[in-house]
2 protein chains.
Amino acid sequence: MSTKKPKSSSLEKLLNQISGRWTMYILWILDNNGSLRFGELGREVAGISTKVLTERLRKLEAMGVVYRDYKATIPPEVTYGLTERGQELSRTLDPLCELASRWYDSP
Amino acid sequence: MSTKKPKSSSLEKLLNQISGRWTMYILWILDNNGSLRFGELGREVAGISTKVLTERLRKLEAMGVVYRDYKATIPPEVTYGLTERGQELSRTLDPLCELASRWYDSP
DNA sequence: TAACTTACTTACTTTATAGTAGCTACTTTA
DNA sequence: TAAAGTAGCTACTATAAAGTAAGTAAGTTA
């Protein structure tokens, strides 16, 4: 049947890329706060280590959903934000977020 | 500002529950195929081991998004499917899936 | 002069996750 | 009589991921 399994391998691929711990949450934070410096972002994503935050940002950058703006001042100033792709992606999280508050925030 | 960070802790909670490998993909499969027996499901989620499949299903059951229907025939027949909650949840994956094919399926 | 700042990187340890294989039950089929 | 089938569970091993802590640059501030 041609309506079944509509190219789900691409979904699998996308899910594999974003399904790790913190990843989607970082996107969400960037979407809600706009671009943030590394340190600010780290404080928003409470509990993450700088190592993992860096890893995630590199990965998201490689996916083209996050951009990195580096200014070689001293101390350096590095800003992260969503690309257009990133905004598209984080918009798909909106229904998930709505569901989360319905399920888990007290009525 | 009250419009910022709209109770994102519930999103964090939900993401933590569903963000492991295979989890969302299983939901997707159940949504697209309807209820399936354990073995069928395992074959659809290509590459997963029975151990992990069982783990995921138990977790999804505990979340109330998947039901388990056990018939003690010989051999036993166990069927899994989405609850109403599960359908709600997997529907939120639709935009993600749409994005995935736009990004990763060749134009 | 010592301490502080930012945005990392590196090495190391710990923990979590996943995979493998074997075992169970009982009946049906070859 | 032996094998096949289902839906697991269990113990064990392997691998991946995450956390910790220390170090780096070079200028500014106390």
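Values computed for the structure shown
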{"read-out": "Matching entry among B:100, B:62, B:72 (being within 16 Å of DNA strand C (Cβ to nearest atom) and within 14 Å of chain A (Cβ to nearest Cβ))", "value": "B:62"}
{"read-out": "Matching option when the condition is closer than 19 Å to residue B:21 by Cβ and either charged (D, E, K, R) or within 16 Å of DNA strand D (Cβ to nearest atom) (or both), among B:82, B:89, B:53, B:93", "value": "B:53"}
{"read-out": "Which numbered condition residue B:81 misses (of (1) open to solvent by less than 20 Å² (accessible area, probe 1.4 Å); (2) near DNA strand C (Cβ under 10 Å from one of its atoms); (3) among the small types (Gly, Ala, Ser))", "value": "(2)"}
{"read-out": "Any chance residue B:69 is closer than 19 Å to residue A:89 by Cα and out of contact with any Leu (no Cβ under 6 Å at 6 or more places or on another chain)", "value": "no"}
{"read-out": "Residues located in the stretch A:11-31, provided they are open to solvent by less than 10 Å² (accessible area, probe 1.4 Å) and more than 7 Å from every other protein chain (Cβ to nearest Cβ)", "value": "A:18, A:23, A:26, A:27, A:29, A:30"}
{"read-out": "Verdict on residue A:94 being open to solvent by 20 Å² or more (accessible area, probe 1.4 Å) and at pLDDT below 95", "value": "yes"}
{"read-out": "Members of the stretch B:32-50 found to be in contact with a helix residue (DSSP H, G or I) (Cβ under 8 Å, 6 or more places away or on another chain) and facing chain A (nearest Cβ under 10 Å), listed by number", "value": "B:32, B:33, B:44, B:45"}
{"read-out": "Residue B:26 within 16 Å of residue A:9 (Cα to Cα), within 15 Å of DNA strand C (Cβ to nearest atom) and over 12 Å from the mean Cα position of the chain (by Cα)", "value": "no"}
{"read-out": "Restricting the stretch B:32-49 to residues that are open to solvent by 50 Å² or more (accessible area, probe 1.4 Å) and under 19 Å from residue A:12 (Cβ atoms), the residue that is nearest to DNA strand C (Cβ to nearest atom)", "value": "B:49"}
{"read-out": "Qualifying helices (runs of 4 or more DSSP H) (wholly inside chain A; at least 1 residues being free of Cβ contacts under 8 Å to residues at least 60 places away in the same chain and of a type in the set (Ser, Thr, Tyr))", "value": "A:8-18, A:23-33, A:50-63, A:94-104"}
{"read-out": "Failed item in (1) modelled with pLDDT under 90; (2) at the interface with another protein chain (Cβ under 10 Å from one of its Cβ atoms), with residue B:2 passing the rest", "value": "(2)"}
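The values are calculated or read from the model by the stated rules, or taken from the named source; none is laboratory data. Bear in mind that the values here come from a model prediction, so they are computed numbers and not experimental data. Every residue, glycine among them, receives a Cβ derived from its backbone with ideal geometry; neighbour counts consider all protein chains shown. Side chains are part of the model used for accessible areas, which takes the heavy atoms of the whole protein and leaves out ligands, DNA and RNA. Shrake-Rupley method; radii C 1.70, N 1.55, O 1.52, S 1.80 Å.
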